[in-house]
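What follows is a set of notes on a single structure, which appears directly below.
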Amino acid sequence: MTPFQPFELEAYQSRWERTVEMNLADSSVQCLSTHEWLDDDEQQAVLHTGLFYPEVNGTHALRERIAALYPGATPAHVLVTVGAAQANSMICQLLLEPGDEVVVLSPGYRQVWGLAKTAGCTVREIALDPDDAWRADLDDLDTLITHRTRLVAIVNPNNPTGSILTEAEMARIVAASARVGAWLHADEVYAGTEHGSAGETPTFFGRYDRVLCTNALSKAYGLAGLRLGWIVAQPDVIEALWRRHEYAVIAAAAPSMTMAEFALKPAKRAMLFARQKALTTNGWQLLRDWIAQQEGRFSVQPSHATAIGFVRSHLAVDSLTLADRIRAEASVLVAPGSLLGAEHHLRVTVGYPTDKVRKALERIGDVARKLSRD
Ligand SMILES: Cc1ncc(COP(=O)(O)O)c(C=O)c1O
């Protein structure tokens, strides 16, 4: 058996996030409390949700709302999961066997990367260019995706870089996967977090029959604590995943599904996205202003989505040492880039109230100034 590959990023966060005054290591925005986004009738509906086991694959009403977001999907194309985390994990469990090859973007959220290693697969990486706004280097696609490739796993928009694939890049990835019959997993949890007036990132669903798309209420909706996600794929694939879902969790939580039905109503969804985008826009402005004051100790590439700043450090220490110093000396948690596949970077999420972001960034700046004098 291959050794277990811990999920190092999540392990770092769960070990330290409750020990600091300010946590900027997560990748959501400031999440909501239940009373803040539900009207009185909706709150009553949540209170009256029955607590027997809910529909195991997700309530029909919720699967209808999810299916409506994907061209050509029906409720039979949908499985409701406990966050995107469970969705991604079950896809790996279903598809991967020792000896398979898996292709991922790097840097990236290393869930599929780690699960594939634990499953005994070889992981190959499509590099995102640190000097060109983290554009995907697709020149080697045909040598990376071969007949040995079982799964191509894309996160779009990307965590941590905030880059978004163009239509042409999406088409190239689909074509390369289809050429060898590889499964294509698109984790789309950051769709809806685009900056400025850019529209919502299009889904991979419907571009190829071997596509599995995952998403959740955790990022664009600011509702991570509901632990509510989903998979959209062809009905026979959903059936196979549903059989694994029964082993893993039986079903997502009933009150979370009630709330998810509300979150996906078009007007409510628009309201949640607008709130998240306002936090993201404000946070990014604070981050850019702060970087400008750092006398070259930090820089950042242009980003097109997410409230995540993937900040390059020009200090002479590695990212884990730097993050540890910031945690210990400033009581601020940021994520070391090495745990996302890019040394000398920090993942600093800024979709929080102004006071918190300003204060946390100031403290990071103080630690960096001290370090540059050491
Ligand atoms: C790309 C990506 N996928 C999945 C997840 C997990 O999402 P959830 O909280 O919905 O389980 C995260 C969380 O950071 C993520 O960044």
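The values are calculated or read from the model by the stated rules, or taken from the named source; none is laboratory data. Keep in mind that what you see is a predicted model, and the values were worked out from it rather than measured. With ideal geometry, Cβ positions are generated from the backbone for all residues, glycine too; neighbour counts draw on all protein chains shown. With ligands, DNA and RNA removed, areas are computed over all heavy atoms of the protein, side chains included. Shrake-Rupley method; radii C 1.70, N 1.55, O 1.52, S 1.80 Å.
List of remarks:
- Rounded to whole numbers, the Karplus 3J(HN,Hα) couplings from phi for the stretch 44-53 are 4, 4, 5, 5, 9, 5, x, 10, 6, 4 Hz, using 6.51 cos²θ - 1.76 cosθ + 1.60 with θ = phi - 60°, and x at Gly and Pro.
- Between residue 331 and residue 271, the FRET efficiency from the beta-carbon distance, with R0 = 45 Å, is close to 0.85.
- Descending by average beta-carbon neighbour count within 10 Å, the peptides 223-230, 348-355, 78-85, 289-296 line up as 78-85, 223-230, 348-355, 289-296, the highest first.
- The value obtained for the stretch 51-264, namely the Cα convex hull volume divided by the number of residues, is 115 Å³ per residue.
- Among 307-314, 250-257, the order from most to least packed when residues are scored by Cβ within 10 Å on average: 307-314, 250-257
- Between the stretch 263-310 and the stretch 5-69, the alpha-carbon center distance in angstrom: 21
- Student exercise, the chain dipole from Lys, Arg, Asp, Glu Cβ charges, in Debye to nearest 20: 420
- Farthest towards the positive end of the charge dipole of the chain, among the residues 349, 62, 213, is the Cα of 349, using unit charges on the Cβ of Lys, Arg, Asp and Glu.
- Surface accessible to a 1.4 Å probe, per residue, for the residues of the stretch 51-264, Å²: 36
- Separation of the residue 317 and residue 359 label points, Cα + 7 Å toward Cβ, nm: 2.3
- Cα centroid of the stretch 204-240 to Cα centroid of the stretch 124-138, whole Å: 25
- Only lysine pairs 8 or more places apart, or on different chains, with alpha-carbon atoms under 28 angstrom apart are counted in the chain, and they number 13.
- For the stretch 309-316, 3J(HN,Hα) computed residue by residue from phi via the Karplus equation (6.51, -1.76, 1.60; θ = phi - 60°) reads x, 9, 8, 8, 9, 9, 7, 8 Hz, glycine and proline entered as x.
- FRET efficiency, 1/(1 + (r/R0)^6) with R0 30 Å, evaluated for residue 138 and residue 74 via beta carbons: 0.40
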